Amino acid sequence: QVRLVESGGGLVQPGGSLRLSCAASGFTFSSVAMSWYRQAPEKDRELVGRITSDGGSTNYADSVKGRFTISRDNAKNTVYLQMNSLKPEDTAIYYCNTRMPVSITTLRNYWGQGTQVTVSS
């Protein structure tokens, strides 16, 4: 079955960097776009960014543009989120996501368990 496992979260000081990884299995990784989402306490889950199946195109939320970079290694079935110049407001649980069709008309979301990122001095 589809499995997404995030890693790399932790505590970092403002201005610091972290790289998150998401290891995927159970589907043809190189055929699907991947996304990163985050959810801060008492806030809705929000899209951080997305990368196409071949890695040729990415897009980002305005709040992280220029600081975060999504990449992927299709040989390793892994997607990454490089986070630089971290701010306290980046504190959240970060989730890996993909969507795939389960029927002609229906897409299903798949989520990892999430990894906590805390930005604090």
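The values are calculated or read from the model by the stated rules, or taken from the named source; none is laboratory data. No experiment lies behind these values; they were computed from the predicted model shown. Here the Cβ positions follow ideal geometry from the backbone for every residue, glycine too, while neighbour counts run over all protein chains shown. For accessibility, only protein heavy atoms count, side chains too; no ligands or nucleic acids. Shrake-Rupley method; radii C 1.70, N 1.55, O 1.52, S 1.80 Å.
Structure above, values below:
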quantity	calculated
Using alpha carbons only: equivalent-ellipsoid semi-axes of the stretch 19-121, gyration tensor based, whole Å	24, 15, 12
Å² per residue, accessible surface of the chain at 1.4 Å	55 Å²
Carbon/sulfur fraction of accessible area - the chain, other protein chains in place, 1.4 Å, %	45 percent
Taking the chain and dividing mean pair separation by its residue count, relative contact order in percent (alpha carbons under 8 Å, at least six apart)	35 percent
Computed P(r) (all Cα pairs; the stretch 1-45; 5 Å bins; percent)	5, 14, 21, 22, 20, 10, 7, 2
Two-site label geometry, Ser63 and Gln39: point separation in nm, points 7 Å out along Cα→Cβ	1.4 nm
Pairs of alpha carbons in the stretch 75-121 whose separation is greater than 17 Å (percent)	52 percent
